[in-house]
Amino acid sequence: YATAGRDALARHEESLAIAAYERALPLAEAAVAAGDGPHEDLVRFLVYVHDVLGGPMLGRSELDRAEQHYTTALRLSAARDAGEADVVKFTNNLGAVARQRGDLPAALRLYQIATELAAKVEPGGNAFATGLSNTGTILLAIGDLAGALDLFRRALAIDERSDPTDAAT
């Protein structure tokens, strides 16, 4: 089912992709639960399915469903390694859910946590720059112009070195 979902996403058939991944989800959960211990490849696959389902849910403003998928992906990732890049990613994604809900204090807190974790995982990396930029966006929205400008400048300096596309943005 996940392969069919991936192929549907490649064809920009989002509804078919969601349906395929939703069929894969209980099977992946059952596979993880059936083992005599956590099998890393199965857990990674389950995280992947939740991640892939969270994106379209966020894009469709199905925020409760997006939050559910990202929260589960975060829980599974944190159980494997609290400092890993997936923890940063899913914390950031939950910040995006809060932001879309209009809960700017929650979004700010989640983006700040993601940024702090990213600084530990890969200081000066793309995830760190993204965290700075996302946090700056919230500061801008709440009226902290100087704080936002500082974070945007820091993110830009990183992006100019590592990701010209993000720097252009």
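The values are calculated or read from the model by the stated rules, or taken from the named source; none is laboratory data. What you see is a predicted model; the values in this text were computed from it and never measured. For neighbour counting, all protein chains shown are included, and Cβ atoms are generated from backbone atoms with ideal geometry for every residue, glycine included. Keep in mind that these areas ignore ligands, DNA and RNA; they rest on the heavy atoms of the full protein, side chains included. Shrake-Rupley method; radii C 1.70, N 1.55, O 1.52, S 1.80 Å.
Values for this structure:
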quantity	calculated
Unit Cα scatterers, Debye sum, the stretch 11-87: log10 I(q)/I(0) for q = 0.27 Å⁻¹	-1.28
Within the accessible area of the stretch 1-107 (1.4 Å probe), percent carbon and sulfur	55
Convex hull of the chain built on C-alpha atoms - directionally averaged projected area, nm²	10.2
Segment residue 29-residue 41, length gained on full extension (0.36 nm per residue, minus Cα span)	3.1 nm
Alpha-carbon centroids, the stretch 1-15 and the stretch 76-142: separation in whole Å	27
Cα→Cβ-extended label distance, 7 Å offset, between residue 3 and residue 15, nm	2.6
Overall dimensions of the stretch 68-123 as given by Cα atoms, namely Rg and Dmax in Å	10.8, 31
Helix-derived mean residue ellipticity, 222 nm - over the chain, DSSP H n ≥ 4, -39500 (n - 2.57), to 500	-28000 deg cm²/dmol
